[in-house]
1. Could you sort 474-486, 453-465, 69-81 so that the peptide with the highest average Cβ count within 10 Å comes first and the rest follow in order?
2. Going from most exposed to least, what order do I317, I380 have by accessible area with a 1.4 Å probe?
3. Can you give the FRET efficiency to the nearest 0.05 for I408 and A479, using r as the Cβ-Cβ distance and R₀ = 41 Å?
4. For the pair N109/V206, report the inter-label distance in nm, with labels modelled 7 Å from Cα in the Cβ direction.
5. So if I place +1 on the C-beta of Lys and Arg and -1 on the C-beta of Asp and Glu, and nothing else carries charge, what would the dipole magnitude of segment 220-335 be about its Cα centre? I want it in debye, nearest 20.
6. Quick one: dipole size for the chain, taken about the Cα centre, charges +1 on Lys/Arg Cβ and -1 on Asp/Glu Cβ, in debye to the nearest 20.
7. If you take the beta carbon distance between A310 and W47 as r and set R0 to 25 Å, what does 1/(1 + (r/R0)^6) give as a FRET efficiency, to the nearest 0.05?
8. Testing the spin-label approximation: label points 7 Å from Cα along Cα→Cβ at D415 and K387. State their distance in nm.
Amino acid sequence: MDGSTLQILVAMVVYMTIVIAIGLAYAKKANQNSENYFLGGRSLGPWVTAMSAEASDMSGWLLMGLPGVAYWCGLADAAWTAIGLAIGTYFNWLIVSKRLRRYSVRANNAITLPDFFSNRFREDKKVIMTLAAAFILIFFTVYASSCFVTCGKLFSTLFGLPYVTMMILGAIFVLAYTILGGFLAESASDFMQAIVMVVSLTVIVVIGVTNAGGIGAVIENAQAIPGFLEFFGLATPSLNEAGEQIVNAGVPVFGEAANYSLLSVCSMLAWGLGYFGMPQVLLRFMAIRKEDELKLSRRIAIIWVVISLAVAVFIGIVGRMLYPTAHLTASGAENIFITLATSSLPAILAGFVMAGILAATISSSDSYLLIAASAFAKNIYQGVCKKKASDKEVMTVTRITLLVIAVIGMLIAMDENSVIFRIVSFAWAGFGATFGPIMLFSLFWKRTNRAGAIAGMVGGAAMVFIWKLIISKLGGVFAIYELLPAFIFSSLCILVVSLVTAPPSKEIEEDFEAVRIG
């Protein structure tokens with residue numbers, strides 16, 4: 001290990017030590033009871049609520065996946081995705097946050113998402129709770145694997161060590177940290193990590209633009225690539241038989257620009273719909289200490305999101321100019337942030353910027369693991385299997401579940417050529433279509449009933465798999481992002497089934513009116 005690599009390692013170890021210290025600081029309070037462990041006792045302030053929600057949401061995808069898409073095929077896919085996410089963020093905070101905070105208290109002080117849905121419809125037989133918990137387990141296991149892929153790529157690229165070994169070590173660190181401190185530690189560290197992430201992105205893009213000779217030079221280079229800097233066009237790297245981009249005389253070869261249709265735009269904008277069903281964000285709405293503080297949180301969140309997404313996309317554009325042949329596959333392109341950092345900064349500073357990727361990964365994977373484990377321990381084990389289970393038993397089952405989920409996530413992440421963006425997009429669609437429509441209908445349509453809720457969740461989740469694995473293979477108009485058709489189908493299921501079955505009980509309607517009036 002040379003001196004530069006050692007300095008990078010030291011900086012990252014310092015950062016990881018701080019994260020562990022935060023976990024230790026909150027461990028005692030977090031382990032007092034399950035409500036503290038899973039929801040922090042509804043004690044989050046507006047800044048921590050906003051920053052932890054966005055940091056846990058974005059993950060290493062923000063620093064590696066999104067710049068990688070921009071580097072590989074240009075502006076369109078990355079930019080329309082970012083725009084959709086920014087719009088979704090704003091409306092989620094604007095219309096969902098206050099009512100969910102209020103309704104979760106009314107719904108028997110629900111502390112998990114399955115709790116909320118089950119209590120909202122006053123279930124005796126916990127069908128909604130079980131289904132919601134099962135879907136959370138499935139999709140968060142996939143989500144966690146994307147974070148482990150990020151860890152593996154980061155450490156193997158930096159230190160030249162085997163990908164699988166580095167991925168497993170990263171996963172073990174995240175697992176240990178999550179077991180230690182629970183929701184409070186996760187939220188407090190996510191606040192810090194949100195700051196590290198946006199600072200890292202900003203530093204890299206400023207230095208990258210400077211090294212490239214200014215914004216004008218970056219734009220001129222991007223415009224020279226067919227379709228690369230267009231909102232309605234797409235760059236198409238020319239690939240050899242091995243799936244790598246062809247390089248001719250030191251210059252990467254591109255084919256003619258592909259057309260980017262209005263349907264493609266809508267497909268990417270549909271990423272914003274996913275926010276209405278994201279447990280890691282929705283739980284922050286439920287956990288804030290005062291409903292009135294959500295307005296400030298919304299402003300903080302949207303500013304952070306817009307800056308971070310815009311800079312992440314531009315990093316890919318800058319990287320294509322400075323290092324045009326450094327990454328010749330879609331998977332490799334996701335390392336462009338690492339390449340820029342290690343090539344442009346002194347080693348010790350590069351280490352702290354690399355900590356930004358680690359920050360993003362930790363902030364998301366700890367949320368994913370904790371929410372998935374709580375779904376099983378609190379909602380399936382205690383809610384269905386053993387209703388008289390003590391808090392101590394629930395906490396023990398939670399930790400066992402964390403371990404199982406982490407192992408499955410590591411198995412999924414074993415493939416070194418996994419593309420983070422694709423893994424995240426599937427899990428995002430799963431949550432968005434499964435929980436997004438039923439969240440909106442539950443909060444804003446009094447006629448929504450239990451049968452409609454079940455139909456919507458099952459229909460949305462099933463359509464994600466059907467569209468992704470079968471229908472999208474037909475190509476053409478069917479090759480759109482699976483979240484859009486699945487979200488629409490789930491909404492129709494809720495609407496139709498609720499209308500053709502018995503209306504909700506008087507007690508459920510009274511709950512709805514009490515929350516609506518506030």
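1. Numbers: 474-486: 18.0, 453-465: 22.9, 69-81: 25.8.
Top of the packing list down: 69-81, 453-465, 474-486.
2. On the way: I317 5, I380 25 Å².
Ranking I317, I380 by accessible area, largest first, yields I380, I317.
3. Working: r = 29 Å, r/R0 = 0.71.
Plugging the Cβ-Cβ distance into 1/(1 + (r/R0)^6) gives 0.90.
4. In this crude spin-label approximation the distance works out to 4.7 nm.
5. Working: 7 positive and 9 negative charges, 143 e Å.
With only Lys, Arg, Asp and Glu charged at Cβ, the dipole is about 680 debye.
6. Details: 34 positive and 30 negative charges, 388 e Å.
For this selection, approximately 1860 debye.
7. Working: r = 21 Å, r/R0 = 0.86.
The computed FRET efficiency comes out at 0.70.
8. About 4.3 nm separates the two model spin labels.
The values are calculated or read from the model by the stated rules, or taken from the named source; none is laboratory data. Bear in mind the structure is a predicted one, so any value in this text is a computation, not a measurement. Every residue, glycine as well, gets a Cβ built from its backbone with ideal geometry; the counts of neighbours run over all protein chains shown. Heads up: the accessible areas ignore ligands, DNA and RNA and are worked out on the full protein's heavy atoms, side chains in. Shrake-Rupley method; radii C 1.70, N 1.55, O 1.52, S 1.80 Å.
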